[in-house]
Amino acid sequence: MAKDVIIACDFSSKEATLEFLDKFEGCERKPFVKIGMELYYSAGPDMVREIKRRGHKIFLDLKLHDIPNTVRKTMKVLSNLDVDMCNCHAAGTVEMMKAAVEGLTREDGTRPVIIAVTQLTSTSQERMNDELLIGGSLKDVVVKYADNARLAGLDGVVCSPLEAGMVKEACGADFVTVTPGIRFADAAADDQVRITTPAKAREIGSDYIVVGRPVTAAPDPVAAYNRCCEEFLA
C-alpha cells in the first residue's frame, strides 16, 4: 500500500476550509485531506462533495460508535459520498464493526477503506486505567482492539505512531495503520500525548500520518505539508 500524508482540515466553516485548500491550487501534489466532526457538522455532506470535486482524496473521520443497526444504516448513507476512507470506534465491539463494513459496502461490492479507532492519541495509560476503567497496558489494549477490527473485516486502525509496529506484528503487514499525533521535532505537542515525528512514524511502520496544526496553523502551510511529505515519504 502506498503511504501518504493526510492533512486534518479541522476548520469550523466551509469558507475557512476552501480558503486553506486554495493555497494548494497549482501544486503538483493534491493533499489527501481529513474531514472531521467539526467541519462535517458545520458544512455537511456538500463540503465532502466540493472537496472531491477539487480532486482531493478524503478521509471522513466521524468515528461512528453506536448500536450495530444504527452504525450499519449510517454507513450505508456515507457510502454514497464517494470518500476514500472512513472510520468507527473499535470499542463498539466486533459485531458493530461487522455492521459498519456491511453498511459501507455498496451493491456492486465496492467500498471505501474502513478503519477503527483504537485509543485516542490524547489518552494516556493512567486515563485509560483510572477514568475508563480499562485494565492492562495501553499497548496491549490497542493491539487487542486492532485484532478485533481485523476479525470484523476492517482494513486497519487508527492508532498512535508508537503502536503502529506492534499492530503490524499482530495483524499483518497489509493491515493499515493510520496515525495521528504527528509533530515536527521542533514543534509543541499541544493536547496530544502519544506523538512522534513524520520520519520516526515512517520508521515505525505507519501507512498514513494525519497532520493537523503543524500544517494548518503554519505560516506557510504548503511548505509545512511538503516538509511532512519529505520526512515521511523519503
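Derivation of every value follows stated rules applied to the coordinates shown; laboratory data play no part. Since we're looking at a predicted model, the values are computed, not measured. We place every Cβ from the backbone using ideal geometry, glycine too, and count neighbours over all the protein chains shown.
Pairs K30/K52; K30/K200; K76/K144; K63/K144; K144/K200; K57/K168: which are spaced more than 21 Å apart, C-alpha to C-alpha?
Table pairs above 21 Å Cα-Cα are K30/K200; K76/K144; K144/K200; K57/K168.
Give the residue list of GluC sites (Glu not before Pro) in region 64-137 that are DSSP loop and have at most 12 other beta-carbon atoms within 10 angstrom.
E107, E131
Using DSSP to define loop residues, name the GluC sites (Glu not before Pro) in region 1-47 whose beta-carbon has at most 16 other beta-carbon atoms within 10 Å.
In loop regions of region 1-47 (DSSP not H, G, I, E or B), the sparsely surrounded GluC sites (Glu not before Pro) are E25, E28.
Anyone know which of T74, T118, T177 comes out most mobile in the 10 Å Cα GNM of the chain?
T74
Using Cα pairs closer than 8 Å and at least 6 residues apart in sequence, work out the relative contact order for region 1-146, in percent.
17
Along Cα→Cβ, 7 Å out, is where each label goes; now give me the distance between the ones at D82 and E50 in nm to one decimal.
According to this spin-label approximation, the distance is 1.7 nm.
Give, rounded to the nearest 20 debye, the magnitude of the charge dipole that the chain has about its Cα centre when Lys and Arg contribute +1 at Cβ and Asp and Glu contribute -1 at Cβ.
It comes to approximately 380 debye.
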